[in-house]
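In what follows, a structure is listed as structure tokens, so that the remarks can point back to it.
The values are calculated or read from the model by the stated rules, or taken from the named source; none is laboratory data. Predicted model, so just to flag it, every value in this text is computed and none were measured. Cβ atoms come from the backbone with ideal geometry, glycine included; neighbour counts cover every protein chain shown. Heads up: the accessible areas ignore ligands, DNA and RNA and are worked out on the full protein's heavy atoms, side chains in. Shrake-Rupley method; radii C 1.70, N 1.55, O 1.52, S 1.80 Å.
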Amino acid sequence: MSDTSASPGRRPVVTPARVVAALCLIAPFVGMLWIGSYAKVEPTLIGIPFFYWYQMLWVPVSAALTSVAYILVRREERARKGGDSA
């Protein structure tokens with residue numbers, strides 16, 4: 001039984017920044033689990049079939065999205081701590 005009423009001094013747990021962070025973390029899973037979208041040979045990139053370079057492309061993209069999610073959550077936590085102590 002959780003208290004669903006918001007206290008005057010408390011901020012909501014689900015914020016736009018956390019929603020964006022969650023989407024950044026979910027995107028690589030969706031991109032890699034939807035195999036039908038990249039299970040093909042063409043187009044090739046410097047002789048590498050699409051199936052392989054698509055997967056390798058997700059490595060830096062996932063790192064970038066994870067960094068964005070980390071920065072958003074960290075910024076929100078700082079704002080939450082700063083707002084509570086004032």
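Tabulated data
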read-out	value
Flag for Ser7 being open to solvent by 70 Å² or more (accessible area, probe 1.4 Å), under 24 Å from Val73 (Cβ atoms) and at pLDDT below 90	no
Filter result (farther than 10 Å from Leu25 by Cα and either open to solvent by less than 50 Å² (accessible area, probe 1.4 Å) or touching a Gly at 6+ places or on another chain (Cβ under 8 Å) (or both)) within region 62-73	Leu72
Failed criterion for Trp53 (all others in (1) under 12 Å from Leu25 (Cβ atoms); (2) touching a Leu at 6+ places or on another chain (Cβ under 8 Å) hold)	(1)
Selection status of Ala22, open to solvent by less than 70 Å² (accessible area, probe 1.4 Å) and part of a helix (DSSP H, G or I)	yes
Region 68-86: number of residues that are basic (Lys, Arg) and either over 20 Å from the mean Cα position of the chain (by Cα) or at pLDDT below 85 (or both)	2
Any pair with Cβ under 9 angstrom, 6 or more apart, that starts in region 24-49 at a residue that is under 28 Å from Ala69 (Cβ atoms) and ends at one that is surrounded by 14 or more Cβ atoms within 10 Å (Cβ to Cβ) and at pLDDT below 90	Gly31/Tyr38; Met32/Tyr38
